[in-house]
Amino acid sequence: MPPTASEHCIDAETDKLMNSMGDNMRQDMCSKRDVQKVGSTIVVDSICKIGPMTITSHGVVSGDFNSAYTVKISSKREGGPALPGMPADGTTTTTLDAKWMGACKADQKPGDMIMAGRKFNIREMQKAIPGAPK
């Protein structure tokens, strides 16, 4: 797939919310979630079941974690139907490069995300999900 860019306006509260959203999902779906600091990197290994699929992932996070970081994830999906646009063998590699671009723009508020030209707010979306962390 071609590279895509997104823009996020994140404050400390939104960062905490987004992390808790992922933690709740992982607790329910993942039988393994191993996070270790290895030298100057963070290494994450997980095994998660989503419906009929089992996804085994290995990720490495590197960078200074203040102004920029890179996440490289390799995953293998087994089970379930073939997914459109995904490799037939279920193997994917993803690289995410993130960098601090400055304070949120004047027309943004914490939680705003702009992806594929569309703007939405993760905090507002969270309010609509029953049982989700607030």
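FYI, it's all coordinate maths here, none of it is from the lab. If you're wondering where the values come from, they're calculated on a predicted model, not measured in any experiment. Ideal geometry is used to build each Cβ from the backbone, glycine not excepted, and the neighbour counts take in all protein chains shown.
If we sort 68-81, 86-99 on the protection proxy, mean other Cβ atoms within 10 Å, highest first, what's the order?
Ranked by mean Cβ neighbours within 10 Å, highest first: 68-81, 86-99.
When the chain is fully extended, how far beyond the present Cα-Cα distance does ASN121 get from ALA98, taking 0.36 nm per residue of separation?
Stretched fully, the ASN121-ALA98 segment lengthens by 6.4 nm.
Against the longest principal axis of the chain, how steep is helix 12-29, in degrees 0 to 90 to the nearest 10, with axes from Cα atoms?
Roughly 20 degrees, rounded to the nearest 10.
For the chain, give the magnitude of the charge dipole about the Cα centre (Cβ charges: +1 Lys/Arg, -1 Asp/Glu; no others), in debye to the nearest 20.
Computed charge dipole of the chain: roughly 180 debye.
Please state the relative contact order of region 9-80 as a whole percent: Cα pairs under 8 Å, 6+ residues apart?
21
Under the definition of Cα pairs under 8 Å and six or more residues apart, what whole-number percent is the relative contact order of the chain?
24
If packing is taken as the average count of other Cβ atoms within 10 Å, what order do 31-40, 48-57 fall into, highest mean first?
Top of the packing list down: 48-57, 31-40.
List, in order, the whole-Hz ³J(HN,Hα) value for each residue of region 31-43 obtained from phi through the Karplus relation with A = 6.51, B = -1.76, C = 1.60 and θ = phi - 60°; use x for Gly and Pro.
Each residue's phi maps through the Karplus curve to give 7, 9, 8, 10, 10, 9, 8, 10, x, 9, 10, 10, 10 Hz.
With every atom except the alpha carbons ignored, what do you get for Rg and Dmax of region 1-131, in angstroms?
16.4, 46
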